[in-house]
Amino acid sequence: MATIAAMPERRSPTLRRRRLSAELRQLRASAGMTLEQVAERLEFSTAKLRFIENAQWVRPNIGDVRALLDVYGVKDARQHEELLTLAREGRQRGWWQPHSKMLSETYTTYIGLEAEASTLLTYQPLVIPGLLQTEDYARALVENPHDEVSDQVTSDRVAVRMQRQQILTGPSPLSLWAVIDEAAIRRPVGGPEVIHGQLERLAEAARMPSVTLQLIPFSIGAHPGVGRGPFTILQFPDDADRDAAYVDNFAGELYIEEAAEVERFHGAFRHLVGAALSPAATMTFIAEELAST
């Protein structure tokens, strides 16, 4: 089993880069300048500026940020230093960075944002949410015989998933609200013993103050999640950081920031919550399932 160092304070360089990019976009708009005008002034390419404004940089260049602040006429010393601090913190490495080569770029971004999110809303119709999976269950999912990956990569992927779960504990835990379909607990991932252990983990998690778990039983019939794949909404403690949505399905991964699109996911989640059993009824359902396995 691969090991990863303990997760530090929940401060994410990914979120710092995202915030800095948003601030720079706003400063350019306030200055009434186009990308082309800024590019010409600084002898940057417009592609580079788009890269910066879309938070696609891995390690912000402090000199570039200073140059942009000068062009946008940022004179306030406090604002100037705050933005440079964001750039410096954005250059730091998250705990997941050593494993980024085996993770997709979109998933790496997701982990970076999840690391500092205050609330996470997720709907999972087929499998248990990653933050609530046991190690055995996660390994059974990751060990896909159709994927030509080494045992080391498999172990690393499981280790990363287990490491992510640390955000549910500690002095400022993430608030997780998960809605799952009954299919997620019926699917015999890993066999009876693994599923039993996973159900025990769900029962334990449902009692945590930071976790709200709701299940949509088969008896409901058609519900708002039918035909809709899994999705996750991330919310952040600072109002300056907009909500984001993450979708992972067969077609690939998609990270969504546009406010109107994210609100559509919020609306879908509200409907799913309304269709699901209450948290108390969900705990009873899981307890009965545990007793029968």
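Return a yes/no flag: does the range 70-77 have any residue that is buried (at least 16 other Cβ atoms within 10 Å of the Cβ), hydroxyl-bearing (Ser, Thr, Tyr) and modelled with pLDDT under 90. Scanning the range 70-77 turns up no residue that is buried (at least 16 other Cβ atoms within 10 Å of the Cβ), hydroxyl-bearing (Ser, Thr, Tyr) and modelled with pLDDT under 90. Every condition in (1) in the same structural domain as Ser210 (by TED's automatic domain parsing); (2) part of a helix (DSSP H, G or I) is met by Tyr123 except one, and the failing one is (2).
For the range 47-60, name all the residues that are surrounded by fewer than 14 Cβ atoms within 10 Å (Cβ to Cβ) and at pLDDT 90 or above.
Taking the range 47-60 first, the residues surrounded by fewer than 14 Cβ atoms within 10 Å (Cβ to Cβ) are 47, 50, 54, 56, 59.
Hits for the range 47-60 are Ala47, Arg50.
Which residue pairs have Cβ atoms closer than 7 Å, lie 6 or more positions apart in sequence or on different chains, and pair a first residue in the range 16-31 that is surrounded by fewer than 21 Cβ atoms within 10 Å (Cβ to Cβ) with a second residue that is among the aromatic types (Phe, Trp, Tyr) and outside any helix (DSSP H, G or I)? As it stands, the answer is Leu27/Tyr72; Arg28/Tyr72; Ala31/Tyr72, since those pairs meet every condition given.
Quick check on Thr284: is it touching a residue at least 24 places away in the same chain (Cβ under 8 Å), outside any loop (DSSP other than H, G, I, E, B) and polar (S, T, N, Q)?
Details: touching a residue at least 24 places away in the same chain (Cβ under 8 Å): no; outside any loop (DSSP other than H, G, I, E, B): yes; polar (S, T, N, Q): yes.
No.
Among the residues of this structure, Leu113 does not count as one that is modelled with pLDDT of 90 or more and in the same structural domain as Pro237 (by TED's automatic domain parsing). Are there any pairs with C-beta distances below 7 angstrom linking a residue in the range 221-237 that is under 15 Å from Ala259 (Cα atoms) and in the same structural domain as Gly112 (by TED's automatic domain parsing) to a residue that is part of a loop (DSSP other than H, G, I, E, B) and polar (S, T, N, Q), with the two at least 6 apart or on different chains, and if so which? Filtered contacts from the range 221-237: Gln235/Ser118; Phe236/Ser118.
If you go through the range 123-141 and keep only what is more than 12 Å from Arg157 (Cα to Cα) and within 19 Å of the chain's Cα centre (by Cα), you end up with Tyr123, Gln124, Pro125, Leu126, Val127, Ile128, Pro129, Leu131, Leu132, Gln133, Thr134. Which one of these is basic (Lys, Arg), within 28 Å of Pro171 (Cβ to Cβ), more than 18 Å from the chain's Cα centre (by Cα) and modelled with pLDDT of 85 or more: Arg207, Arg270, Arg242? Residue meeting the stated conditions: Arg207.
Filter the range 216-231 down to residues that are closer than 25 Å to Thr284 by Cα and under 21 Å from the mean Cα position of the chain (by Cα) and give me whichever is modelled with the highest pLDDT.
Residues of the range 216-231 closer than 25 Å to Thr284 by Cα: 216-226, 230.
After this cut, where a residue has to be under 21 Å from the mean Cα position of the chain (by Cα) as well, the list is 225, 230.
Details: Gly225: 83, Pro230: 93.
In this case the residue turns out to be Pro230.
The values are calculated or read from the model by the stated rules, or taken from the named source; none is laboratory data. In this text, all values refer to a predicted model and were calculated from it rather than measured experimentally. We place every Cβ from the backbone using ideal geometry, glycine too, and count neighbours over all the protein chains shown.
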